[in-house]
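Worksheet: the structure to be examined is printed underneath.
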Amino acid sequence: MAAPPVVDARGLTKVYGSRRVVDGLTFAVASGEALGLLGPNGAGKTTTIRMVTCFAPPTAGTLVVVGFPMTPARHAAIKARLGIMQQEESLDPDLSVEKNLTVYASYFGLGHAEAARRAEELMRFTELAERRGEHIRTLSGGMKRRLMLARALLNDPVLLVLDEPTTGLDPQARRLVWERVRALKRRGTTILLTTHYMDEAAQLCDRLIIMDDGRIVAEGRPADLVAAHVGSEVVEVYASGAEESALGRLTDGPWRSERVGDVLYLYLRDGQVSSAMFSALEGLDFTRRRASLEDVFLTLTGHALRD
Ligand SMILES: Nc1ncnc2c1ncn2[C@@H]1O[C@H](COP(=O)(O)OP(=O)(O)OP(=O)(O)O)[C@@H](O)[C@H]1O
Ligand SMILES: [Mg+2]
């Protein structure tokens, strides 16, 4: 029999004032799965995560996390099995790197020796061992994110929740975090994460939920979402200076097209990538590329700025 889901949310809702910030989300995270929550700013990702991690009580719906119903009486049991890396930095600025870990470990009831051992192991895992004595205010943004990841792992969590784990990191630091998350995944840790980086979502997540305005707009494996909502290739035509008749030939095709500012996007499915289509592009300034998750995101949530 399959293991029960690590997160089971049904009709999960959060209302602030008169706004339904999270509006009836139903989703599950299977044991060992990495699920990504995507969505524009203000879509309700962090609010969803705050409900899953005992920081905000749901207004309605049912929520079961690591086998326990989400009620105040179960918060301690749930938190003992969760690792949380919040969107906002929440380290203790007056403590050293090492102390941030050992003090936090004591909240989980780890004894001195065990806390020191775990802290050591995790400083190595996140490549912070050489910084152990430094105060938080002297660390770079990337080091702080890595320390927050280390802290989230102190209790060897069943479910690791990462709210934008690599926002603001340089490419090297992002890759280090990805590699570490993959290592945790191989060990069977279940992961719930949010990100605005589509490459990160495609790299780390088995399955994605795209949300907008508190609701799910699409759900599936990254490659399946691309195939279902966009196709196989995208041609971007730079429309400024191009003749409208030439652009018209392209928008009249059997493929989906969309004009955003000076760029005309043509979304092509397998059979539509033809020599006829490319002859219609003659004389125009364009690039051709594989369809990506970013195309899915923009197709489903639009090009307008949020929040
Ligand atoms: N404590 C609160 N009180 C009132 N409104 C809130 C509160 N927390 C969040 N909101 C509102 O709920 C909406 C969703 O916010 P949330 O932080 O969940 O979005 P998000 O998807 O995480 O966005 P981002 O990508 O910018 O992090 C926003 O409009 C936000 O202003
Ligand atoms: Mg957020």
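Taken together, the values in this text are just the output of simple stated rules run on the coordinates, not laboratory data. None of these values were measured; they are calculated from a predicted model. Cβ coordinates were reconstructed from backbone atoms using ideal geometry, including for glycine residues, and neighbour counts include every protein chain displayed.
Using every Cα-Cα pair within the chain, state what percent have a distance larger than 29 Å. Cα-Cα pairs of the chain separated by over 29 Å account for 45 percent. Taking every C-alpha pair closer than 8 Å and separated by at least 6 residues, the mean separation divided by the residue count of region 1-43 gives a relative contact order of 38 percent.
Cβ under 12 Å from G142's Cβ, G142 left aside: what net charge do those residues give with Lys, Arg +1 and Asp, Glu -1? Walk me through the intermediate numbers first.
Working: positive: R131, K144, R145, R146, R174, R175; negative: E89, E127, D170.
So the environment of G142 carries a net charge of +3.
Legend: ranking of residues R145, R81 from fewest to most surrounding C-beta atoms inside 10 Å; resulting order R81, R145. Of the residues A246, V234, Y265, the one whose Cα sits farthest towards the positive end of the charge dipole of region 231-291 is V234 (charges of +1 on Lys and Arg Cβ, -1 on Asp and Glu Cβ, taken about the Cα centre). Remark: for residue pairs K45/K99; K144/K185; K45/K79; K14/K99, the C-alpha separation exceeds 25 Å in K45/K99; K14/K99.
Under a model in which nothing but the beta-carbon of Lys, Arg (+1) and Asp, Glu (-1) is charged, the chain shows a dipole of about 1240 debye around its Cα centre. A304 to R81: extension gain in nm, 0.36 nm per residue of separation minus the Cα-Cα distance? Answer, rounded to one decimal: 76.4 nm.
Compared with the alpha-carbon gap, the fully stretched path from T287 to D224 is longer by 20.3 nm at 0.36 nm per residue. The distance linking region 30-106 with region 197-237 is 24 Å (Cα centroid to Cα centroid, whole angstrom). Here the average projected area of the convex hull drawn through the C-alpha atoms of region 231-291 stands at 3.6 nm². Look at the alpha carbon pairs under 8 Å that are at least 6 residues apart: their mean separation over the length of the chain gives a relative contact order of 20 percent. In a simple Cβ point-charge model (Lys, Arg +1; Asp, Glu -1; nothing else charged), region 231-291 has a dipole of about 280 debye relative to its Cα centre.
Farthest toward the positive end of the dipole of region 49-148, out of G142, P58, L128, is the Cα of P58, where the dipole comes from beta carbon charges about the Cα centre. Sorted fewest first by neighbouring Cβ atoms within 10 angstrom, L192, L149 come out as L149, L192. A crude spin-label estimate for the pair A246 and D206, with each label 7 Å from Cα along the Cβ direction, gives 4.9 nm. Sorted largest first, the spans of the alpha carbon positions of region 141-256 along the three principal axes are 63, 28, 27 Å. The stretch between R256 and V15 holds 83.1 nm of extra length on full extension. This uses 0.36 nm per residue minus the Cα-Cα distance.
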